[in-house]
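The values are calculated or read from the model by the stated rules, or taken from the named source; none is laboratory data. Nothing here was measured: the structure is a model prediction, and the numbers come from that model. Every residue, glycine among them, receives a Cβ derived from its backbone with ideal geometry; neighbour counts consider all protein chains shown. Heavy atoms of the whole protein, side chains included, go into the accessibility calculation; ligands, DNA and RNA do not. Shrake-Rupley method; radii C 1.70, N 1.55, O 1.52, S 1.80 Å.
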There are 2 protein chains.
Amino acid sequence: MDAAIVGTGITRFGMFVGTRLRKLASCAADRALDDAGLDAADVDLVVVGNAAAGLLTGQEMIRAHTALADSRVAGRPMLSVENACASSSSAVHLGILAVASGAHDTVLVVGAEKMTSADRTLAGRTLATAVDLEREGQVAPDGAARPVFMEIYAAEARAYMQRSGATPRDLAAVAAKSSHNGSLNPIAQVRDPLTVDEVLAARTIVDPLTRPMCSSIGDGAAALVLTRPELARRRGQQAVRVLASTVGAARAGDAGDVVARTARRAYEQAGLGPADVDVCEVHDAAAPAELLIAEELGLVPAGGAVALARDGAFTLGGRCPINPSGGLVARGHPIGATGAAQIVELADQLRARAGGRQVEGAGTALAENAGGSLGNGPAACVVTLLAAP
Amino acid sequence: MDAAIVGTGITRFGMFVGTRLRKLASCAADRALDDAGLDAADVDLVVVGNAAAGLLTGQEMIRAHTALADSRVAGRPMLSVENACASSSSAVHLGILAVASGAHDTVLVVGAEKMTSADRTLAGRTLATAVDLEREGQVAPDGAARPVFMEIYAAEARAYMQRSGATPRDLAAVAAKSSHNGSLNPIAQVRDPLTVDEVLAARTIVDPLTRPMCSSIGDGAAALVLTRPELARRRGQQAVRVLASTVGAARAGDAGDVVARTARRAYEQAGLGPADVDVCEVHDAAAPAELLIAEELGLVPAGGAVALARDGAFTLGGRCPINPSGGLVARGHPIGATGAAQIVELADQLRARAGGRQVEGAGTALAENAGGSLGNGPAACVVTLLAAP
């Protein structure tokens, strides 16, 4: 792919009930421009990833224009992309195509979501619209109380325990590892490191998931500046190269293999394999999913993630650190911002800017972002492969 | 732009209360594939343009997957784009970039919207979210009754009458012309040709706009297959070439010149000027806007549209026919489908497939699609220039 990342920007992630979406999105956008050393006039296209502002804020249309109304790029050509929790990695995919096409020299991608509000049931009701409502049935009037996606992740975790021999301690260890990473990430939503025992002792959301194993609702925004590598060179910008970007989709009744399929196409596009990956950000909407995704991505053999996790392979300093940012459970999961946040983390890792959570010598990085539920797995998946400058 | 249109598909436009969005979108998608002579497996990416399914149907997320659940492309990589009433021309823009980048050989773009429902106030309340709600104030509880956009178009028409000398008959003549074109279009929502007197005698919506001068709510879908010209040649497909595709955006307090700015960039990209355009589809959400847009696009000198319209320049057989499909007021305006529908009409005109409304010898065509309201004009604008095979 003839594309590179030359700037990143991110806000704090957290529950900021009084902070508007436009403040978050504009802050991330302007920070990414500053990081790239560019002006708004240099930006040819802005692609906003947002999953659910229509239900969450009422702003169903002109989402991009309103989210960026207070930013320096207000008035630049823009549009908005939805792909559930994979919205902003999908936006990055389109941004990559835009610069690779030659039609746009510089593209700003912004992922943003504002989930908290005075109505405490709103975010839950909104998340429940990331399934096929006609097939699954409309959300019941009391649907607000049911954590639809945590039920899905819990069922997946139970099935995984059965076939892999993972114990409750193994699942808790993933959350403890992520909380440790989050404690090293200044923008993370959850910054308290937890022990395995603390994770196990926490309140159960849906068995076997306890509270620290589940991503919370939250608010945040992340942004990236994309350009072509030769332009970055000419401008003297440090450029993280895009090796691959692939989008996958599920359909009703399929094999639930969308993550594996999408990753295979990404490796093929990049001309490398899972063994070449030095650091990953994956879609751990619940912590145990990290083990399953490591297998789906081919980072470890099927059924092999538990043993490797016990050996510390996925911790900072391990063979292949996963979710150095803290992942969805610790950095946070403001849904439309997550995909961009993963790629911001990896671009910062590859430029050796990740501070206390830096993965030494990281040369190749992989982001896996999933969205919605359809058939026997996520509805959407985007895999991005990046290389250090 | 290294992109071409090799297939089109469109549904009937109209008020089909009992017809689901997925039926409309899937029908248009499959027709476009059939027209291109391609299978679903040939499609590398599907870009869905949809403006407001979240509020209109409740399906806030995985819009693409659910809209196309019943189509042959279910399971192909897909995502959804929002840019208010310019959603599906924005989707076409991204589809063009996707094939031009070389990363995708064949892209299907589908624009779809389902506006009618048992709740007769829903569509009006939804349209009112295409302004900046924080700046303009939330929709009032009785907001359902106010046709927000028709008020904007009426104010624009009154100002235009004052500065151009256009009379109520001039405005009505535009609607009568469009209704004539719609009567020749088998998929049009309004198929009864009206006289100028009938348009003037109809019920006033907001002075000076009478009912036939205003686009209605409606349901419909339109789809296009895009590929690179050399691939089309190899496959033996008749290919409508994309000469330019530009996206523009407004910001609060700007000059309201987004249409003119976006068109200028499109002419520059294509290396041609307004005098080269043989046929247009423009965003006549209310009929009088057609005259103003003709001036903004440079098709006629500022203030010159009225005299040329009186001479019949914009009718079928005139110097530069505008809205041969019937435009938004007659073909219909299911908002997320409109941009794709305009381009379907022009691609069919350029392939001499437009039946009784064919513009003889059409070689170059222009589509102008606008969305939302911001500052002193539309929030978004997309201009597309196409050339006959």
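Within segment B:41-67, take every residue that is at the interface with another protein chain (Cβ under 7 Å from one of its Cβ atoms) and surrounded by fewer than 24 Cβ atoms within 10 Å (Cβ to Cβ) and give me the one that is farthest from residue A:379 (Cα to Cα).
Ranking the qualifying residues of segment B:41-67, first place goes to B:55.
Could you check segment A:262-291 and list, in sequence order, the residues that are within 22 Å of residue A:349 (Cα to Cα), touching a helix residue (DSSP H, G or I) at 6+ places or on another chain (Cβ under 9 Å) and part of a helix (DSSP H, G or I)?
Across segment A:262-291, the qualifying residues are A:263, A:267, A:270, A:274, A:276, A:290, A:291.
Restricting attention to segment A:239-259, and to residues there that are within 14 Å of chain B (Cβ to nearest Cβ) and part of a loop (DSSP other than H, G, I, E, B), which single residue is most open to solvent (accessible area, probe 1.4 Å)?
Within segment A:239-259, the match that is most open to solvent (accessible area, probe 1.4 Å) is A:251.
With the structure loaded, tell me whether residue B:101 is within 18 Å of the chain's Cα centre (by Cα) and among the polar types (S, T, N, Q) or whether it fails that test.
no
If a residue must be open to solvent by 20 Å² or more (accessible area, probe 1.4 Å) and touching a residue at least 40 places away in the same chain (Cβ under 8 Å), how many such residues does segment B:318-356 contain?
Selection size over segment B:318-356: 3.
Run down A:135, A:169, A:158 and say which single residue is more than 30 Å from residue A:42 (Cβ to Cβ), open to solvent by 20 Å² or more (accessible area, probe 1.4 Å), basic (Lys, Arg) and in contact with a Pro (Cβ under 7 Å, 6 or more places away or on another chain).
A:158
When residue A:6 is evaluated against the numbered criteria (1) of a type outside the set (D, E, K, R); (2) under 23 Å from residue B:253 (Cβ atoms); (3) more than 8 Å from every other protein chain (Cβ to nearest Cβ), which criterion, by number, is the only one it fails?
Every listed condition holds for residue A:6 apart from (2).
Determine which member of the set B:150, B:161 is assigned by TED's automatic domain parsing to the domain that holds residue B:376, among the aliphatic types (A, V, I, L, M) and modelled with pLDDT under 95.
Just one listed residue meets the conditions, B:150.
Taking the options B:70, B:30, name whichever one is in a helix (DSSP H, G or I), more than 9 Å from chain A (Cβ to nearest Cβ) and under 26 Å from residue A:265 (Cβ atoms).
Sole residue among the options that is in a helix (DSSP H, G or I), more than 9 Å from chain A (Cβ to nearest Cβ) and under 26 Å from residue A:265 (Cβ atoms): B:30.
Consider residue A:262 carefully, then state whether it is within 14 Å of chain B (Cβ to nearest Cβ), touching a His at 6+ places or on another chain (Cβ under 8 Å) and in contact (Cβ under 8 Å) with a residue 40 or more places away in the chain.
Criteria not met by residue A:262.
I'd like the full set of residues that are more than 7 Å from every other protein chain (Cβ to nearest Cβ), of a type in the set (A, V, I, L, M, F, W, C) and touching a residue at least 60 places away in the same chain (Cβ under 8 Å), limited to segment A:73-91.
A:85, A:86, A:91
Can you name every residue in segment A:189-238 that is outside any helix (DSSP H, G or I), of a type in the set (Lys, Arg) and within 30 Å of residue A:18 (Cβ to Cβ)?
A:191, A:203
So, in segment A:336-389, exactly how many residues are more than 17 Å from residue A:266 (Cα to Cα), part of a loop (DSSP other than H, G, I, E, B) and out of contact with any Ser or Thr (no Cβ under 8 Å at 6 or more places or on another chain)?
15
From the residues in segment A:97-116 that are assigned to a helix (DSSP H, G or I) and at the interface with chain B (Cβ under 7 Å from one of its Cβ atoms), which one is farthest from residue A:57 (Cα to Cα)?
A:100
If I ask for residues that are β-branched (Val, Ile, Thr), closer than 30 Å to residue B:27 by Cβ and over 16 Å from the mean Cα position of the chain (by Cα), which ones from segment B:301-337 would you list?
Result: no residue meets the conditions.
For (1) at pLDDT 95 or above; (2) more than 29 Å from residue A:256 (Cβ to Cβ); (3) more than 23 Å from the chain's Cα centre (by Cα), each residue gets a yes or a no:
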residue	(1), (2), (3)
A:166	yes, no, yes
A:180	yes, yes, no
A:185	yes, yes, no
A:188	yes, yes, no
A:191	yes, yes, no
A:194	yes, yes, no
A:198	yes, yes, yes
A:204	yes, no, yes
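Do we find that residue A:94 is surrounded by 24 or more Cβ atoms within 10 Å (Cβ to Cβ), in contact with a strand residue (DSSP E or B) (Cβ under 9 Å, 6 or more places away or on another chain), in contact (Cβ under 8 Å) with a residue 24 or more places away in the chain and facing chain B (nearest Cβ under 8 Å) in this structure?
Against the criterion (surrounded by 24 or more Cβ atoms within 10 Å (Cβ to Cβ), in contact with a strand residue (DSSP E or B) (Cβ under 9 Å, 6 or more places away or on another chain), in contact (Cβ under 8 Å) with a residue 24 or more places away in the chain and facing chain B (nearest Cβ under 8 Å)), residue A:94 qualifies.
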